[in-house]
Structure formats: C-alpha cells, structure tokens
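Chemist: One structure, as structure tokens, below. Some questions next.
Every number in this text was worked out from the coordinates using simple rules, so none of it is lab data. Every value quoted in this text rests on a predicted model; they were computed, and no experiment measured them. Using ideal geometry, Cβ is built from the backbone for each residue, glycine included, and neighbour counts are taken over all protein chains shown.
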Amino acid sequence: MVKFVESELSQLKREVDQMWTLVYNQLEQSQSAVLDLDRTIAQQIMVRERRVDAFELKIDSDVEDFIALFTPVAVDLRFVLAMLKINGDLERIGDYADGIARFVRDTDMETMDPELIGRLQVKEMFEVVLKMLGELQEALRTEDAAKATAVLSMDERLDSINKASASILADYAREHPEAIPFCLGFGGVFRKLERTGDHLTNIAEEIVFYVDAKVLKHKELNG
Amino acid sequence: MEKIEAKEVNFHYGDFHALKNISMEIPRNKVVAFIGPSGCGKSTFLRLFNRMNDLVPGARLSGKILIDGKDIYAPDVQVDELRKDVGMVFQRPNPFPKSIFENVAYGLRVNGIKDKEFIAGKVEEALKGAALWNEVKEKLNASAYALSGGQQQRLCIARAMAVSPSVLLMDEPASALDPISTAKIEELICEMRDKVTIVIVTHNMQQASRVSDKTAFFYMGEMIEYDDTKLIFTNPRKEATQNYITGRFG
C-alpha cells in the first residue's frame, strides 16, 4: 500500500488507542471516587471529560477525511467504520465515568457503608468493566477477534449485578430513610456500569467486524 | 443458460502464457467488471469474446467460449456476424472520419439496410440511448471530430448499440475522460444493462464498484477471484484481491 495511506491508518489507530487509555483511566478513577466518595478525584474526572469529547471530535473528523480522500474498501473500509463506531462508544463510556463523578460530587453522604458496598458487589462490577475495556483495547492492538469475542460473555455478570442492586438499594433505603436520595443516585451508578457493558459489547462486535468481516450484532452468543 | 461461459480457457502469445485455465460464467443482462494490474490478462480475455485476438501473430487459444450456449470459435461461426452481436467500446474514442449521423448509421449500412427512414429512426434511438441526442440533434451532419472526448465516446457507444448487440465489451471506456463525462458513461452503463450484457475492463476500482454486479480479479494470467461486486469490495475471499483493491499490492 502507498506509505502515506498506511501512515494515515496507523495514525487513526493510535488516536483511538490514546482515547481508549484516557477513557480507561476515567473509569478507573471513577471507581476510586465512588468507593471512597472522593470529591477531588470526581472533580478531576469532570475536568478531563472535556479531553474525551475533544478526542471524539478529532477522530470523527479524521475518519471523515480518510473516507473522503482515500475511498477505502474491504479491510480498510471495515477498519475506519469500526473506528468511527468505537469512537462513539468510548465517548459514551467517558460520559458514564463523568456521570459517576457527578454523583460523587453531589451526594450528601460522607462515607460509604462497607457492608452495603460488599452486598452490592460494586467493586466487582467496576473490575469486570475495566477488565473488558482493557482486554478489548489489547484485542484491537493485536487484531485478535477471538480475544474480542471472549469479552462478550463477561457482560452477563454486569447485568446480574445491576439487576440485584435495585432490591438491595431498596431494602437499604427502607432501613435508612435518610439515605433515600443517596440510594436513588447510587442506583444510577449501576445502570451506568451496565450500559458501559453494552457499549463494550458493541466494541467487541466492531473489532470482530473489522478483523474477521463477521457481523455479530443482534445474535445470541451461542447462536 | 448463462449469457457467456468460458471453459478452461488458456491463451498464449507465442511462448507467453497470457491466460491460465480460466472458467467463468457471465449472467445475462448484468454488468461484469474485470480488474487487475496491467498485463494481468483482463483485456486479452475481454477481446476473446468477439475474437479480436484472432489475427494476433502467434496467438493460440484452447478451451471454449460460449455465448448463448454457442461456441464462438466453432468453424461455422462468421466473425463479422459475431461482432454484430458483441459490440466493443475502446479506451480512446474512435469515431470514423464521418458525420455524427453516419457514424451511427455505419453499422446498419454495412449490414445491408437501405431504408432511410428506418436508419434515421435507429440513429435517433441509439443517440437517445447513449444520452447524446439532445446535444447533437441540431448538428447531425457535423463531423464527429467536432465533438468533445466524452461526446465522442458516447457516440461510439451509440454506434455500437445501433445494431442491437446483446453483449457490449468495454475496455477502459472512461479512462481518457473527465469526471463529468465519466459519470455520463457510468450512468449509461447502468441504463443499458436492461438491453445488453456488459463486460467492462477498468483500472478504476470505484468505477468497478459503482457500475458492476459482479467483479473478477485477474493477476498474472489467472482469475484469482470472481464474485458479487459487493462482496469483492467489502470482504474479498482471497488475500491477493484485498491487497490489490486496497492498494497494498506488490
């Protein structure tokens, strides 16, 4: 391939990888912010959210330029389409990290009840999300469709933790009426992490589409 | 029955093995594009469909080429009759040094048609079919050389279509034209597919993807891959095809 086209593709991949690292850090930091109700970290996440947005615009624009200037086909077309969609998914995940940080900033609660945190399995939920995000970043770097596919099943754990959280928080709110606003806000954190899992599933599908030209969307895992 | 069938076609220019065991079927009223690097054999293969390689010194063909099930290299086939049914448009427009009208009427006249009214009707029909009528209807007696390159190429298409062929071969028909003229030729190809089966050789990947239903990729005399155009340009089966269409070749 003409070297400058190859270099444009590498540059695009590098930008997506950088955005990925930024979003990973945002999500990782949001875990610390929630578990410790650390408003300083929350503030830092909210400031950095602007960088995520700027990355999204830059990648959108670069993909548009690439399609207009180089008219990609086959694997190159699948690559730029995948980058465009992954870019959107990463930006939404960045939004969720920002939303979690805003919950930390706004809640009146001073400390987390460790017993509640344990029952909710929020730490595990963060760890699963971060593991999925990290594995998918590696899958894209190494163009490994099998690695991306392996991440899909991890989403089920997020769904089950999210589902269980509603009744645990409702019980807690009944026992601690003063914590009702906190419980309502905290429920939002689970929903955001569950939605993050959905975006990660989309990303896994996009990587498989790019590498293997297979469409996994709207198909059962074992179907 | 497919419109064109090639069966184990091998073709030599002297010692040079230009086409290696090619078999393919071209469906009726479809546009099929041949792509591949220069010297891959795509034009040689195209020219076999109306026997344009017959007089090339040292040329040797084995295998069969059937049009409507009939072997076009059978001893009883008249080449001039074959070429009435299999028209050709070349890379550079090649109008005759005659008027616009006479260029289109030429094929009819050499076929023995003398009825002036019939010829005039056919000329108008062919020029309308080639989307040229409105531009030339006031100057049908002007020299064909007075037309622009794009108009000359459409005139050549009208000339080929005037004798109602069932196959039209096009060897890089737009490579010498500006983008507007190219768009007109491509539009014509899409409109003509209802009447004829079109085989087009092109170096322009986007042109192949825009106008054709099926695409064949040739490399060093072999047909590497032949499939629906949509598949060739989104998910080709062969790595060599992908390398060629994405510009990673060689």
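Chemist: Using the basic label-point model (7 angstrom from Cα toward the beta carbon), what is the A:SER167 to B:ASP54 distance in nanometres?
Modeler: Inter-label distance under the simple model: 8.6 nm.
Chemist: As a test, work out the antiparallel percent of DSSP beta bridges whose residues both lie in the protein assembly as shown, rounded to the nearest 5.
Modeler: Working: 24 of 41 bridges.
Expressed as a percentage, antiparallel bridges in the protein assembly as shown total about 60.
Chemist: Pairs of alpha-carbon atoms within less than 8 angstrom and 6+ residues apart define the contacts here; what relative contact order does chain B have, in percent?
Modeler: Values: 472 pairs, mean separation 67.8, N = 250.
Relative contact order of chain B: 27 percent.
Chemist: Give the order of B:SER181, B:SER23 when sorted by the count of other beta carbons within 10 angstrom, beginning with the fewest.
Modeler: Numbers: B:SER181 19, B:SER23 13.
Neighbour counts put them in this order, fewest first: B:SER23, B:SER181.
Chemist: In peptide B:227-239, what is the residue-averaged number of other protein chain Cβ atoms found within 10 Å of each Cβ? Spell out each step's value before the answer.
Modeler: Values: counts 0, 0, 0, 0, 2, 2, 4, 6, 9, 4, 1, 0, 1.
The per-residue average across the peptide is 2.
Chemist: Just list whichever of B:LYS30/B:LYS64; B:LYS98/B:LYS214; A:LYS3/B:LYS238; B:LYS98/B:LYS137; A:LYS13/A:LYS147; B:LYS3/B:LYS230 have alpha carbons separated by over 25 Å in the model shown.
Modeler: On the way: B:LYS30/B:LYS64 21 Å; B:LYS98/B:LYS214 37 Å; A:LYS3/B:LYS238 22 Å; B:LYS98/B:LYS137 16 Å; A:LYS13/A:LYS147 18 Å; B:LYS3/B:LYS230 21 Å.
Violating the 25 Å Cα-Cα cut-off are B:LYS98/B:LYS214.
Chemist: Quantify how much of the Cα-Cα distance distribution of the protein assembly as shown extends past 30 Å, in percent. Could you put the intermediate results ahead of the total?
Modeler: Details: 67094 of 111628 pairs.
When every Cα pair of the protein assembly as shown is considered, 60 percent fall beyond 30 Å.
Chemist: Between B:ASN10 and A:ALA213, what is the label-point separation in nm under the 7 Å Cα-to-beta-carbon projection?
Modeler: Distance between the two pseudo-spin positions: 3.1 nm.
Chemist: Running a GNM on chain B with Cα contacts under 10 Å, which residue among B:PRO57, B:PRO236, B:PRO37 ends up with the highest mean-square fluctuation?
Modeler: B:PRO57
Chemist: Straight distance only, please: which aspartates and glutamates reach the Cα of B:LYS128 with their own Cα at less than 18 Å, same-chain residues fewer than 8 apart left out?
Modeler: Filter leaves B:GLU102, B:GLU117, B:GLU138, B:GLU186, B:GLU187, B:GLU191, B:ASP194.
Chemist: Follow-up. According to a simple spin-label model (label point 7 Å from Cα along Cα-to-Cβ), what is the distance in nm between A:ALA146 and B:ASP68?
Modeler: The answer from the label model is 5.5 nm.
Chemist: List, largest first, the extents of the alpha carbons of chain A along their principal axes, each in whole Å.
Modeler: Each principal axis gives a Cα extent; for chain A these are 66, 41, 22 Å.
Chemist: Please report the spacing between the Cα centers of region B:1-57 and region A:168-222 in Å, no decimals.
Modeler: First find each Cα centre; the distance between them is then 57 Å.
Chemist: Right, another one. If you wrap a convex hull around the alpha carbons of region B:197-250, what volume per residue comes out, as a whole number of Å³?
Modeler: Values: hull volume 4.5 nm³, N = 54.
Convex hull volume per residue, Cα atoms: 83 Å³.
Chemist: Three principal axis extents, largest first, for the C-alpha atoms of chain B, in Å?
Modeler: Its Cα atoms span 53, 42, 33 Å along the three principal axes.
Chemist: Still on this structure, I have one more. May I ask you to derive the relative contact order of region B:140-214, considering only C-alpha pairs under 8 Å and at least 6 residues apart, and to give it as an integer percent?
Modeler: Values: 54 pairs, mean separation 24.9, N = 75.
Relative contact order comes out at 33 percent.
Chemist: Further question: Restricting to Cα pairs below 8 Å that are 6+ residues apart, what does the relative contact order work out to for region A:2-222? Please round to a whole percent.
Modeler: Values: 246 pairs, mean separation 56.7, N = 221.
Reported as a whole number, the value is 26 percent.
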